[in-house]
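Let me begin by presenting the structure, written as structure tokens, before commenting on it.
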Amino acid sequence: MRIQASSLCSGYLTGSKAPFFLQNECCERQTTGYYHVLIKFASLKHYFGYSMQIEKNKVAILHYTLKNNEGTVLDKSDDGSFVYLHGALNIIPGLESALTGKKMGEEFNVKVAPEDAYGVRSEEHMQEVPKEMFESDDEINVGMQFNAQGPNGEDLMVTIVEIKEDVIVIDGNHPLAGVELNFDVKVVEVRDA
């Protein structure tokens, strides 16, 4: 009997008359049997991504809801737009660690400590700066965010927390610094990069 591996999957998907039965022009005769079941199952399993786990250099698509400890929804993505490369430090370390080994279709919850997310709040990231540093014709209000440059040239997002007579108090902490994060996650897809 002569069978091409690629014909098994296509024969199973389009040319089969019944499960576990293969009839295909690439075969010299009709066949049934345990080995064909294994081959067909393995082909389908690989095709649909069931065997693929999240690991370094795999691309994963997630649906997630992020809440704080009070249950307030802080962020949500359920439209298939959240795609990331595992192991490339594209997401917070605590969530990436919890995703390692997960497979397509798995759903889970994870609580991520501040140390494994956006860090703990630091008073060192609070600073008073002269009002003249804000070149803006618009009115400056508490809660506004601006892009700034850190001491090593890195880009920072700072939030205005207080406006005094001659100075403005800015906070360079991430808005979620010091917050425990609770994720409800569903792995939608896992594939090679």
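With all protein chains present, calculate the accessible area of residue 55 using a 1.4 Å probe and round the result to the nearest 10 Å². About 90 Å², rounded to the nearest 10. How long is the gain from residue 144 to residue 157 if the chain were fully straight, where each residue apart is worth 0.36 nm and the alpha carbon distance is subtracted? Length gained, residue 144 through residue 157: 3.7 nm.
As a test of reading the structure, rank 100, 65 by solvent-accessible area (1.4 Å probe, protein chains only), most first.
In descending accessible area the options line up as 100, 65.
For the pair residue 192 and residue 127 in one chain, pulling the backbone fully straight at 0.36 nm per residue adds 19.0 nm over the alpha carbon distance.
When 52, 157, 126, 133 are compared by accessible area of protein heavy atoms, the largest-first order is 133, 157, 126, 52, using a 1.4 Å probe. Taking a Cβ cut-off of under 12 Å around residue 165, the surrounding Lys, Arg, Asp and Glu residues balance to a net charge of -1, with basic ones at +1 and acidic ones at -1. Taking all protein chains as shown and a probe of 1.4 angstrom, residue 191 keeps an accessible surface of around 100 Å². A 1.4 Å probe run over the protein chains yields, for region 60-152, 68 Å² of accessible area per residue, whole-number rounding. So what's region 97-193 giving for Rg/Rh, alpha carbon basis, Kirkwood Rh from the mean inverse pair distance? Radius of gyration over Kirkwood radius for region 97-193 works out to 1.15.
Here residue 174 sits with roughly 70 square angstrom of accessible surface, probe radius 1.4 Å. What FRET efficiency do you get for residue 88 and residue 165 if R0 is 35 Å and r is their Cβ-Cβ distance, rounded to the nearest 0.05? Using R0 = 35 Å, I get an efficiency of 0.15.
The values are calculated or read from the model by the stated rules, or taken from the named source; none is laboratory data. Values in this document were obtained by computation on a predicted structure and should not be read as measured data. Positions of Cβ are backbone-derived with ideal geometry, glycine not excepted, and every protein chain shown enters the neighbour counts. Side chains are part of the model used for accessible areas, which takes the heavy atoms of the whole protein and leaves out ligands, DNA and RNA. Shrake-Rupley method; radii C 1.70, N 1.55, O 1.52, S 1.80 Å.
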